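Contents: one structure, followed by commentary.
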Amino acid sequence: MNTWYGQDSDKTLADNEVHIWLNYLNLHQAKLKHLYPLLSDAEKARSEQFKFFKHRKNFIASHGFLHAVLAYYLDTPAEDIEFTHKDNGKPYLLDKQNPQQLQFNMSHSGNMAILAICRNQSIGIDIEHMERKADWQGISKRFFTANEQQALYKLPEEQQKDAFYQVWTRKEAHMKVTGEGLRLPPTHFEVSVPPTDAAFIANIKSADNNFYKMQDISLPDMYQDYHACLSANFDFSRLTYYIYA
């Protein structure tokens, strides 16, 4: 089981290390009012576009969390942190604010957000809440490769739903670490299927020959209905885990 540290713990980040941050998004109004001013003008405008309050609240909570955590590493107040977006839509810190060459990636699902931070390299992270009514069988048949489906449905029936969500987080994390996101069809590459440890297996319809390393994130017991996975384009040797509060 991972050791999860509090936000006041040492946050020195080595070149071969990834920091993982976890945050609960279902916050009371007072906390949201504290986080909202941390958002950029563009993020505030985007938050106003959500039709439902729950989605707006989760956006504010997750992006305020992002600003607050990045401020621990940067010599910049949380409310002054700015982002730029490349053609693939992935956000990056402005060079002038990022002397440590930090790279980050965030994901949120249900009431949880997870954030990965490293230096100089590319990372992707995904978290998924196991929805009771989700058509996970239909999704697997549409978006998993034949080999992935075969391995998934060989498992005992009571293990298949959990395994599906683990595979899905692995695929999402890989799509994000490449920088392609949804432009990379999930059927164009293969990942491992539980009980095998998380691993990128192969590209099927891509000339991408880069190295990728994956690791499932073991979440605290209270979040057992979530799965998460990290993917990176370097051979990280250490993960350190934090809970933001």
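The values are calculated or read from the model by the stated rules, or taken from the named source; none is laboratory data. Worth saying up front: this structure is predicted, and the values here are computed from it rather than measured. Reconstructed Cβ throughout: ideal geometry from the backbone, glycine too, with neighbour counts over all protein chains shown. To get the accessible areas, we keep the full protein, side chains included, count just its heavy atoms, and leave off ligands, DNA and RNA. Shrake-Rupley method; radii C 1.70, N 1.55, O 1.52, S 1.80 Å.
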Checklist line | ³J(HN,Hα) computed for each position of the range 201-212 - Karplus, 6.51 cos²θ - 1.76 cosθ + 1.60, integer Hz, glycine/proline x | finding: 8, 5, 7, 9, 10, 8, 8, 5, 10, 5, 7, 9
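Among residues other than Leu13 whose Cβ falls under 11 Å from its Cβ, what is the net charge (Lys/Arg +1, Asp/Glu -1)?
0
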Item checked: Prolate/oblate/rounded label for the range 1-103 (Cα gyration tensor, a/c 1.5) -> oblate
Notebook entry, point to check: Averaged per residue, what accessible area in Å² does the range 62-137 show with a 1.4 Å probe, protein chains only?
Noted result: 45 Å²
Notebook entry, point to check: When ranked by the protection proxy of mean other Cβ atoms within 10 Å per residue, highest first, what sequence do the peptides 48-57, 161-170, 141-150, 212-221 form?
Noted result: 161-170, 212-221, 141-150, 48-57
Note to self: Sequence gap at least 6, Cα distance under 8 Å: using those rules, report the relative contact order of the chain to the nearest whole percent.
What the structure shows: 26 percent
Margin query: Checking the cross-link filter: which lysines have an alpha carbon closer than 27 Å to that of Lys11, excluding same-chain neighbours under 8 positions apart?
Written below: Lys31, Lys33, Lys90, Lys96, Lys176, Lys213
Item checked: Only Lys, Arg (+1) and Asp, Glu (-1) charged, at Cβ; the range 59-191 dipole about Cα centre in debye -> 320 debye
Next item on the list: Between the alpha-carbon centers of the range 185-210 and the range 119-140, tell me the distance in whole angstrom.
Entry: 15 Å
Item checked: Amide H contacts of Val191 (H built 1.01 Å from N, under 5 Å, at least 5 apart or other chain) -> Ile201
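Could you size up the charge dipole of the chain around its Cα centre, putting +1 on the beta carbon of Lys and Arg and -1 on that of Asp and Glu, and report it in debye to the nearest 20?
700 debye
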Notebook entry, point to check: Looking at the square roots a ≥ b ≥ c of the eigenvalues of the Cα gyration tensor of the range 137-245, which shape do they give, rounded for a/c under 1.5, prolate if a/b is larger than b/c, or oblate?
Noted result: oblate
Notebook entry, point to check: Under the classification rounded if a/c is under 1.5, otherwise prolate if a/b is larger than b/c and oblate if not, where does the chain fall, given a ≥ b ≥ c as square roots of the Cα gyration tensor eigenvalues?
Noted result: prolate
Check: Which residues' amide hydrogens lie under 5 Å from the amide hydrogen of Ile217, considering only partners 5 or more residues apart or on another chain, with H built in the peptide plane?
Finding: Ala228, Cys229, Leu230
